[in-house]
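The values are calculated or read from the model by the stated rules, or taken from the named source; none is laboratory data. Being a predicted model, the structure only gives us computed values, none of them experimental. Here the Cβ positions follow ideal geometry from the backbone for every residue, glycine too, while neighbour counts run over all protein chains shown. The area values use the complete protein model at the heavy-atom level, side chains included, leaving out ligands, DNA and RNA. Shrake-Rupley method; radii C 1.70, N 1.55, O 1.52, S 1.80 Å.
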Amino acid sequence: MKYILVTGGVISGIGKGVIASSLGTILKACGIRVTSIKIDPYINIDAGTFSPYEHGEVFVLDDGGEVDLDLGNYERFLDIKLHRDNNITTGKIYQHVINKERKGDYLGKTVQVVPHITDAIQNWVENVSMVPVDGDNKLPDVCIVELGGTIGDIEGMPFVEAFRQFQFRVKRENFCCIHVSLVPQPGSTGEQKSKPTQNSVRELRGLGLSPDLIVARSESPLNSSVKDKISNFCHVEPQHMCFI
């Protein structure tokens, strides 16, 4: 099993979901079986009680799970059938760990974010990634995991730490991190600014994850000097960067 983690920087709503779905479509066109997981760091158990003005339409899965609309994109793009467990929230993880603690599964140990919450996240991802989603009961080859929010958000820290550990658990050659970041182009100067992306990747690397690919969102194609600067300061080869 190969894992692809898609993270976002600088601003929220940068298009991680569409990029993850598009990546999955490309892999599926190559004959690779793909499944997807969406992580939402909010404490809600699911998206069922959200205001549509704040989060948009709630997508209802075949098993009745009320989830983020990104999972609807995954199903439409990849022609797969996902389950409620393909949507992970902080609320679900904490509920799972607290239920285990109440049953005495931790044998009286002090239950902490590390290792108990981070282990629960890793176990959940690993278990869900092995569930067939395309109707023929064959195991997926690749699992694309979208981490909602922005790198640096407090609520996302346990998930980032979990994936820092996870890359060694599944072996580094089976793990790829794609960072989606904004390269703004202020109208006053018309010059593309790489500093927000540099800062975002520095934050990500400081948390123990180094991107293998950077997807830059910008109003116009990146010029060579900006691409070289991002490559130099973000420790990514120029050919491992793309503009959308």
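Tell me whether segment 195-203 contains one or more residues that are open to solvent by less than 10 Å² (accessible area, probe 1.4 Å), within 17 Å of the chain's Cα centre (by Cα) and of a type outside the set (S, T, N, Q).
Within segment 195-203 (the criterion being open to solvent by less than 10 Å² (accessible area, probe 1.4 Å), within 17 Å of the chain's Cα centre (by Cα) and of a type outside the set (S, T, N, Q)), the answer is yes, since at least one residue qualifies.
If you go through segment 24-58 one residue at a time, how many are without any contact (Cβ under 8 Å) to a residue 60 or more places away in the chain and either assigned to a loop (DSSP other than H, G, I, E, B) or in contact with a helix residue (DSSP H, G or I) (Cβ under 7 Å, 6 or more places away or on another chain) (or both)?
14
Out of all the residues in segment 222-240, which are open to solvent by less than 70 Å² (accessible area, probe 1.4 Å) and under 13 Å from residue 201 (Cα atoms)?
230, 231, 234, 236, listed by residue number.
For segment 105-129, which residues satisfy the criterion of being of a type in the set (A, V, I, L, M, F, W, C) and open to solvent by less than 50 Å² (accessible area, probe 1.4 Å)?
Correct list: 117, 120, 121, 124, 125, 128.
Give all pairs with beta carbons closer than 6 Å in which a residue from segment 162-191 that is modelled with pLDDT of 90 or more meets a residue that is among the charged types (D, E, K, R); count only pairs at least 6 apart in sequence or on separate chains.
These pairs meet every condition: 174/2; 176/212; 177/212; 180/16; 182/217; 184/193.
Hey, residue 81 hits all of (1) modelled with pLDDT of 95 or more; (2) within 19 Å of residue 146 (Cβ to Cβ) but one; which does it fall short on?
(1)
Please specify each residue of segment 59-90 satisfying the condition of being outside any strand (DSSP E or B), aromatic (Phe, Trp, Tyr) and open to solvent by 20 Å² or more (accessible area, probe 1.4 Å). Steps first, please.
The first filter runs over segment 59-90 and keeps only residues outside any strand (DSSP E or B), leaving 61-65, 68-86, 90.
Adding the requirement that they be aromatic (Phe, Trp, Tyr) leaves 74, 77.
Within segment 59-90, just 77 meets the criteria.
Of the residues 15, 48, which is at positive phi and open to solvent by 10 Å² or more (accessible area, probe 1.4 Å)?
15
Checking residue 134 against (1) farther than 26 Å from residue 81 by Cβ; (2) open to solvent by 40 Å² or more (accessible area, probe 1.4 Å); (3) modelled with pLDDT under 95; (4) not aromatic (Phe, Trp, Tyr), which single condition isn't satisfied?
(1)
Given the options 181, 129, 210, name the one that is among the small types (Gly, Ala, Ser), within 30 Å of residue 30 (Cα to Cα) and in contact with a Lys or Arg (Cβ under 8 Å, 6 or more places away or on another chain).
Sole residue among the options that is among the small types (Gly, Ala, Ser), within 30 Å of residue 30 (Cα to Cα) and in contact with a Lys or Arg (Cβ under 8 Å, 6 or more places away or on another chain): 181.
Please enumerate the residues belonging to segment 1-12 that are over 13 Å from the mean Cα position of the chain (by Cα) and either open to solvent by less than 10 Å² (accessible area, probe 1.4 Å) or over 19 Å from residue 148 (Cβ atoms) (or both).
Once the filter is applied, which keeps residues that are over 13 Å from the mean Cα position of the chain (by Cα) and either open to solvent by less than 10 Å² (accessible area, probe 1.4 Å) or over 19 Å from residue 148 (Cβ atoms) (or both), segment 1-12 yields 1, 2.
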